[in-house]
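Working notes for the structure below.
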Amino acid sequence: MHGLHHSLSTLPSFAKAANKTAKKSTFASCKTLRIRAMRAVVQRVTSASVEVDGNMVSEIGPGLLVLVGLHESDTDSDADYICRKVLNMRLFTNESTGRGWDQNVMQRNYEVLLVSQFTLYGVLKGNKPDFHVAMPPQKAKPFYESLVDKFRKAYRPDAIKDGVFGAMMKVNLVNDGPVTMQLDSSQSSKSTNVETGRTIN
């Protein structure tokens, strides 16, 4: 009887230890599988513009303002995903039917303003932002330009505007709604099966 009482009294400590181990294992798995992706903040606007050194460089009417953050590991597949999803996001009302969240920017014949935004990958170290996971400028500039080109080829070239890469920009916008969505690129091409080491397609 004494032995049984001893076993029951020590069970909670074993359970706590097992629980802590499980939490650590789960946390480690989450860190291993942490998504690294191209990031876009998409805002539905009635108007938006970009100024550099007091000069207007781009301006749109109704449409989408898209802030784009490039991660150091991004590839063309990430750019393809962001381009496709942004252009097809149903963020607009169908004026013919009155149905909300029914049409994309192309169906409304609206414009898109793309703005490079490396601070989307900023992390705080204490109170100071650190941007080490953002794509380095020398690689990011041509990559961003190729993204803009993808948008122009997928839609109307004259409907796609952009800012000035690497410049100090003043971005003005009138957010319609407000409607703001965050979008991260699909990572299927980067995800790896931990058990087999195979790439998951």
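In segment 136-158, the qualifying residues are those that are under 21 Å from residue 109 (Cβ atoms) and among the aliphatic types (A, V, I, L, M), and the one that is farthest from the chain's Cα centre (by Cα) is 154. Residues in segment 49-79 that are on the phi < 0 side of the Ramachandran plot and part of a loop (DSSP other than H, G, I, E, B): 7 in all.
Residue pairs whose Cβ atoms lie under 6 Å apart, sitting 6 or more positions apart in sequence or on different chains, and linking a residue in segment 56-81 that is of a type in the set (Asp, Glu) to a partner that is modelled with pLDDT under 95, are 72/133; 78/185.
In contact with a helix residue (DSSP H, G or I) (Cβ under 9 Å, 6 or more places away or on another chain), open to solvent by less than 70 Å² (accessible area, probe 1.4 Å), part of a strand (DSSP E or B) and under 22 Å from residue 58 (Cα atoms), is that true of residue 171? When the stated conditions are applied, residue 171 does not pass them. In the set 32, 21, 26, only one residue is surrounded by fewer than 20 Cβ atoms within 10 Å (Cβ to Cβ), among the β-branched types (Val, Ile, Thr), modelled with pLDDT under 95 and over 30 Å from residue 119 (Cα atoms); that residue is 21. Scanning segment 103-115 for residues that are open to solvent by less than 30 Å² (accessible area, probe 1.4 Å) and either in a loop (DSSP other than H, G, I, E, B) or of a type in the set (Gly, Ala, Ser) (or both) yields 104, 105. Only one of (1) open to solvent by 60 Å² or more (accessible area, probe 1.4 Å); (2) of a type in the set (Ser, Thr, Tyr); (3) at pLDDT below 95 fails for residue 97. Which number is that? For residue 97, the exception is condition (3). Restricting to segment 116-136, and then to whatever is free of Cβ contacts under 8 Å to residues at least 60 places away in the same chain and among the hydroxyl-bearing types (Ser, Thr, Tyr), can you tell me which residue is surrounded by the fewest Cβ atoms within 10 Å (Cβ to Cβ)? Only one residue fits best here, namely 119.
The values are calculated or read from the model by the stated rules, or taken from the named source; none is laboratory data. The structure displayed is predicted, hence computed values, not measured ones. When we count neighbours, we look across all protein chains shown, and the Cβ atoms used for this are built from the backbone with ideal geometry, even at glycine. Note: accessible area is taken over every heavy atom of the protein model, side chains too, but ligands, DNA and RNA are not part of it. Shrake-Rupley method; radii C 1.70, N 1.55, O 1.52, S 1.80 Å.
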